[in-house]
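In what follows, a single structure is set out as structure tokens and then discussed.
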Amino acid sequence: MDPFNAYSDASVWASLEATQLKSFVADTPGQLEARVTEGGSTWSAGQRQLLSLARALLHRRSLVLLDEATASVDHASDQRIQRMLRTDNAFAGATLVVIAHRIDTILDSDVVLVLEHGQLVEMGPPQALIVQNGAFAAMVTASKHASKEQKSS
């Protein structure tokens with residue numbers, strides 16, 4: 001996370017705690033000095049994604065790009081990440097660009113861009129796009145139907 005020791009251990013631990021990796025790292029031989037192997041094979045896919053988020057938190061960048069940030073994490077971790085992004089002020093002052101296929105992860109965004117075949121087809125606040133009854137509204141409706149079907153099976 002901090003190969004050049006640019007941050008205090010307390011800051012690194014705080015980032016790990018925010019992403020629920022603190023206990024995992026604490027139980028790892030070497031703790032903060034433990035190496036992540038090339039490709040991260042010693043970590044699960046979800047843990048690697050959480051580690052990336054922890055690094056983004058640690059570095060406090062003004063622009064953070066999240067490409068399917070919760071795609072490989074379990075439901076509980078997904079909920080924690082969504083809460084962290086929305087309410088914990090973890091990225092306060094940063095512009096978040098979120099690429100997502102799960103509609104519920106972006107419904108409270110300021111602006112949504114809907115792309116089809118690499119072309120912009122809609123842009124605006126999610127609630128306004130839903131009212132317009134276009135492509136985004138169709139995605140929201142389809143997502144709700146898929147969610148209902150998953151719950152009933």
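For this structure, a couple of remarks:
- Our estimate of slack between ALA128 and ASP67, defined as 0.36 nm per intervening residue step minus the Cα-Cα distance, is 19.6 nm.
- DSSP bridge pairs, the chain: antiparallel proportion in percent, nearest 5: 50 percent
- Expressed in Å, the radius of gyration and Dmax of the Cα atoms of the chain are 17.8, 54.
- HIS117/THR87 FRET efficiency (R0 35 Å; Cβ-Cβ; nearest 0.05): 0.50
- The trypsin sites (Lys or Arg not before Pro) of region 6-66 meeting both criteria, a DSSP state outside H, G, I, E and B (loop) and at most 14 other C-beta atoms within 10 angstrom of the site's C-beta, are ARG35, ARG61.
- Computed extension gain for HIS59 through VAL98, at 0.36 nm per residue and net of the alpha carbon distance, reaches 12.2 nm.
- Nitroxide proxy distance, nm - points 7 Å out along Cα→Cβ at LEU107 and ALA137: 1.7 nm
- Distance between region 89-147 and region 1-66 - C-alpha centres, whole angstrom: 29 Å
- Packing-based ranking, highest mean first, of 24-34, 62-72 given that Cβ atoms within 10 Å are counted: 62-72, 24-34
FYI, it's all coordinate maths here, none of it is from the lab. In this text, all values refer to a predicted model and were calculated from it rather than measured experimentally. Virtual Cβ from ideal backbone geometry, glycine too; neighbours counted across all protein chains shown.
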